[in-house]
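The structure appears below as structure tokens.
No value in this document is a laboratory result; all are computed from the given coordinates. No experiment lies behind these values; they were computed from the predicted model shown. Neighbour counts are summed over all protein chains in view; Cβ atoms, including those assigned to glycine, are modelled from backbone coordinates with ideal geometry.
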Amino acid sequence: MITRIPTLVSLRAFEAVARHKSFRKAASELCVTHAAVSHQIKALEDSIGVRLLERTSRSVALTSAGEQYYPSIRESIQSILKATQRIQAPDEPDVLLVQSYASFNTMWLQPRLADFLQAHPDIRVRITSSFEDGDYDIHRFDVGVFNGPPFDERFDYTPFFETDIFPVCASEFLDGTDKAALNGVPLLRVPSTWNEPEDWDCWLDAAGLDRDAMEFGPVFDNYPLVREAALKRRGVCIARAPFCARDLERGRLVRPFDIATPEPGRWYLATLKQRNANPRLDLLLEWLFAEVGADPTMRRFAV
């Protein structure tokens, strides 16, 4: 079977509708009519043979397939925009460019970065989020933080941290704190990477529970999405300790069981092997290691 790539026009329409949750707002952004956007969405769904949006007279929602499709499409469109901007505008040599997963950036790095910038007001930092392993933008990249083994010969990899994983859910979502409370409850998942076992497999094994007896729910493309699903009481998800700490402190999420197990993968800092000396980057790297050392949910490791 040959998979044909949908048109960019239809993908842009889908991305805009999914982001705005509105055909009207998407049409306004794209400077086309409501009918034109609707036509492109129908053409896309017909092309791939999958329904992506649930439409009513008053609302638009992503289907399960749409929730899986949207992050990759948004990432691809953003990559095209960034590539276009790079050739339209000169580089900014004084800006430090950090790339990592959306989960690390939004749930750990960004809440702390203001402290670094306040201590170093002459340094600017720009963050790029990726949803896929190894999606490096080598032309606009100073340091990357990635959960996977060294694999790209262009980069030096420095061990950064490892951590634990455990289930979390919305407050009072589960009936009790015994492991049996998971029976019949949707377990929300993110696909495994780097040929590592899935998070749920690791935790269920540590908890002595039978995977075949569990009810697995939707698969989400990344951890920010699965976190939102848990907050909306759609099921229980596995969380990485550093990334859910603020939600646990504020009571937005709860940890129903005491059992934790090491995350399947480890985290590395990646920097280009062939790079010029950069004191600003050295300060940022020193700060990152200090922040990890001060975070009780993270552990340094050696290789």
If amide H atoms are modeled at 1.01 Å from N in the peptide plane, then the residues at a separation of 5 or more from Glu198, or on another chain, having amide H under 5 Å from its own are none
Ranked Tyr268, Tyr157, criterion: other C-beta atoms within 10 Å, fewest first: Tyr157, Tyr268
Between the alpha-carbon centers of the stretch 140-179 and the stretch 211-277, tell me the distance in whole angstrom. 7
What is the order of Phe216, Phe155, Phe146, fewest Cβ neighbours within 10 Å to most? Phe216, Phe155, Phe146
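Grab the Cα-Cα distance for Arg126 and Val219, subtract it from 0.36 nm times how many residues apart they are, and report the gain in nm with one decimal.
Using 0.36 nm per residue and subtracting the Cα-Cα distance, I get 30.5 nm.
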Estimated distance in nm for a label pair at Gln110 and Glu29, the labels positioned 7 Å out from Cα along Cα-to-Cβ: 1.6
Provide, in order from the shortest bin, the percent of all Cα-Cα pairs of the stretch 8-87 in each 10 Å bin, continuing until the bin that contains the maximum pair distance. 19, 53, 24, 4, 0
Structure-based [θ]222 nm, the chain - -39500 (n - 2.57) summed over DSSP H runs of at least 4, per residue, nearest 500: -12000 deg cm²/dmol
Residue by residue, what Karplus-based ³J(HN,Hα) values in Hz, rounded to whole numbers, does the stretch 205-212 have, using 6.51, -1.76 and 1.60 with θ = phi - 60° and x for Gly and Pro? 5, 5, 8, x, 9, 8, 4, 5
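According to the square roots a ≥ b ≥ c of the eigenvalues of the Cα gyration tensor, what is the shape class of the chain, taking rounded for a/c under 1.5, prolate for a/b larger than b/c otherwise, and oblate for the remainder? Before the final figure, lay out the partial values.
On the way: a/c = 1.80, a/b = 1.04, b/c = 1.73.
Verdict is oblate for the chain.
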Counting DSSP beta bridges with both partners in the chain, what percentage is antiparallel, nearest 5? 60
Can you pull out the trypsin sites (Lys or Arg not before Pro) in the stretch 240-276 whose DSSP state is coil and whose Cβ has at most 16 other Cβ atoms within 10 Å? Arg252, Lys273, Arg275
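Kindly identify the stretch 259-303 as rounded, prolate or oblate by the Cα gyration tensor criterion: order the square roots of the eigenvalues as a ≥ b ≥ c, call it rounded if a/c is under 1.5, otherwise compare a/b with b/c, prolate if a/b is larger, else oblate. Walk me through the intermediate numbers first.
Values: a/c = 4.03, a/b = 1.85, b/c = 2.18.
Cα axes put the stretch 259-303 in the oblate bin.
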With +1 at each Lys and Arg Cβ and -1 at each Asp and Glu Cβ, the charge dipole magnitude of the stretch 8-87 around its Cα centre, to the nearest 20 debye, comes out at 260
Stretch Glu196-Phe151 to full length: gain in nm at 0.36 nm per residue minus the Cα-Cα span? 14.7 nm
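Pulled fully out, how much extra length does the chain show between His20 and Leu272, if you take 0.36 nm times their separation in residues and subtract their Cα-Cα distance?
In short, 87.0 nm is gained.
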Enumerate the amide H contacts of Leu96 below 5 Å, restricted to partners 5 or more residues apart or on another chain; note that Pro and chain-start residues carry no placed amide H. Arg124, Val125, Arg126
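If you rank Ile165, Ile5 by fewest surrounding Cβ atoms within 10 Å, what's the result?
By the 10 Å Cβ count, ascending: Ile5, Ile165.
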